[in-house]
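> Please find one structure pasted underneath; my questions will follow.
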Amino acid sequence: MKIEGIGFGKAILFNEHFVVYGVPAIVSAIGKYTVAKATPYEKPELNLEDNRQATPRYKEDKKDQQLDSIRRIIEKMEIDFSNGGVNVELAGNLYCASGIGASAASCVAMARTLSNYYGLDLTDDQINDIAFEGEKGYHGTPSGIDNTASTYGGLIWFEKKQENIMEKISLANPIEIVIGNTGKVADTTKAVAGVRERKEANPDKYQTIFNRAENIAYLAKQAFHDEDYHEIGKLMTENHKLLQQIEVSSRELDFLVRLSKEYGAYGAKLTGGGLGGNIIALTPGRNLQEEVANAIEKEGFQTVKTQIGVRRDGDLE
Ligand code: MEV
């Protein structure tokens, strides 16, 4: 008996970091996902077999956080191992790297597989709550945006509030993107803490940047409604500039953004916590996607070619 559950990888298109303070953000599930497979285990515990492909050092660097996350998930789900333990294998086609939701995808996949294995029949909302708890193991005070994309799929408008606001943005067809990996594993907790410190030290400067970030989110939402990919790309590049201003970019991220633009991407920006990790370039159409990905790979960086707007009910590659 092998019982499975999946969690999508994600790419934040607008306003990572700003989202932590309630500024609206736009996130999308991507066509790559983590699968968790549960089988019986002889000892009364959860045994983890992590077979995901990963950036060098990713798994080692995140080991303690992963154990804390799993402990939180088990506690939240009130799983009782007295009738036997469970072996959970993590696999799937989502390559683990900072910024593409690897931690959230693993939390969602794990919650789903445990729900199926123990016959709990949990709803998506419950899975999302559990994954949010699991995410705390990885980055202390997550906004909840990553687990939301990973659970529900699709393209999502997200606002962190007392009761988070989540609206689906409909997209006629998924759009091609390239994700470029700096190869550097980054610590989201540190990145978030750094923004907090600088924001507190420079309230006026940060307020101006935050106001523009909010403005960009609304403009981007409209551009998605209009299917104006050029406008979306332009706003993404501007969003990257704001992320530079709050000091979460890096030399490699800036280089990959510039390179993608040079090869015709409609827009590009860092995605996720920054300070390393990944960029996302908007490259509608397979040809442009190929061209931008090749340019990045020629410089010695890895890429993932996938799509945004991938829905739960299909489009999996
Ligand atoms: C990380 O993928 C996104 C951040 O905004 C942190 C969060 O929202 O929890 C940097």
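> Scan region 69-84 and tell me whether some residue there is part of a loop (DSSP other than H, G, I, E, B) and within 18 Å of residue 308 (Cα to Cα).
no
> Same structure, new question: Please pick out the residue among 179, 209 that is among the β-branched types (Val, Ile, Thr) and not in a helix (DSSP H, G or I).
179
> Next up: Taking region 138-159 as the region of interest, how many residues are among the small types (Gly, Ala, Ser) and farther than 15 Å from residue 109 by Cβ?
4
> Within region 235-271, can you find the residues that are closer than 27 Å to residue 202 by Cα, assigned to a helix (DSSP H, G or I) and not hydrophobic (A, V, I, L, M, F, W, C)?
237, 238, 239, 240, 241, 244, 245, 251, 252, 254
> Can you name the residue in region 135-153 that is farther than 17 Å from residue 273 by Cβ and crowded, with 21+ Cβ neighbours inside 10 Å and, of all such residues, is modelled with the highest pLDDT?
Only one residue fits best here, namely 151.
> Can I ask one more? Quick check on region 146-173: of everything there that is within 17 Å of residue 306 (Cβ to Cβ) and in contact with a Lys or Arg (Cβ under 8 Å, 6 or more places away or on another chain), which residue is nearest to the ligand (Cβ to nearest atom)?
We begin by selecting, within region 146-173, every residue within 17 Å of residue 306 (Cβ to Cβ); these are 146, 149-150, 153-156, 171, 173.
Cutting the leftovers down to in contact with a Lys or Arg (Cβ under 8 Å, 6 or more places away or on another chain) gives us 146, 149-150, 153-156.
Values: 146: 5, 149: 9, 150: 10, 153: 16, 154: 17, 155: 16, 156: 13 Å.
Filtering region 146-173 for residues that are within 17 Å of residue 306 (Cβ to Cβ) and in contact with a Lys or Arg (Cβ under 8 Å, 6 or more places away or on another chain), the one nearest to the ligand (Cβ to nearest atom) comes out as 146.
> Identify, please: which residue in region 44-95 is farther than 18 Å from residue 122 by Cβ and among the hydroxyl-bearing types (Ser, Thr, Tyr) and is, among those, surrounded by the fewest Cβ atoms within 10 Å (Cβ to Cβ)?
Residue satisfying both the conditions and the ranking: 82.
> One residue is enough: does region 141-149 have a residue meeting the conditions hydroxyl-bearing (Ser, Thr, Tyr) and under 13 Å from residue 7 (Cβ atoms)?
Going through region 141-149, the residues hydroxyl-bearing (Ser, Thr, Tyr) turn out to be 141, 143, 148.
With under 13 Å from residue 7 (Cβ atoms) added as a condition, the list becomes 148.
Looking through region 141-149, at least one residue is hydroxyl-bearing (Ser, Thr, Tyr) and under 13 Å from residue 7 (Cβ atoms).
> Can you name the number of the only condition in (1) farther than 16 Å from residue 12 by Cβ; (2) within 16 Å of the ligand (Cβ to nearest atom); (3) not small (Gly, Ala, Ser) that residue 240 fails?
Failed condition: (1).
> Would you call residue 189 in contact (Cβ under 8 Å) with a residue 24 or more places away in the chain and either assigned to a strand (DSSP E or B) or not aliphatic (A, V, I, L, M) (or both)?
yes
> Please find, within region 1-21, the residue that is farthest from the chain's Cα centre (by Cα) out of those that are outside any strand (DSSP E or B) and away from the ligand (no atom under 11 Å from the Cβ).
Taking the candidates together, the pick is 1.
> Go through (1) more than 22 Å from residue 145 (Cα to Cα); (2) surrounded by 18 or more Cβ atoms within 10 Å (Cβ to Cβ); (3) at pLDDT 95 or above one by one and return the number of the condition residue 111 breaks.
With (1) more than 22 Å from residue 145 (Cα to Cα); (2) surrounded by 18 or more Cβ atoms within 10 Å (Cβ to Cβ); (3) at pLDDT 95 or above applied to residue 111, the lone miss is (1).
> OK, next. If residue 223 passes every condition in (1) farther than 30 Å from residue 56 by Cβ; (2) crowded, with 17+ Cβ neighbours inside 10 Å; (3) in contact (Cβ under 8 Å) with a residue 24 or more places away in the chain; (4) more than 16 Å from the ligand (Cβ to nearest atom) but one, which one does it miss?
(3)
> Say whether the condition of being assigned by TED's automatic domain parsing to the domain that holds residue 164, in a helix (DSSP H, G or I) and more than 12 Å from the ligand (Cβ to nearest atom) is met by at least one residue in region 51-58.
Yes; the residues of region 51-58 include at least one that is assigned by TED's automatic domain parsing to the domain that holds residue 164, in a helix (DSSP H, G or I) and more than 12 Å from the ligand (Cβ to nearest atom).
> Another question about this same structure. For residue 264, state whether it is away from the ligand (no atom under 15 Å from the Cβ) and either within 21 Å of residue 308 (Cα to Cα) or of a type in the set (S, T, N, Q) (or both).
Yes, satisfied.
The values are calculated or read from the model by the stated rules, or taken from the named source; none is laboratory data. All figures in this text were calculated on a predicted structure; none of them were measured in a lab. Here the Cβ is made from the backbone with ideal geometry for all residues, glycine too, and neighbour counts use every protein chain on show.
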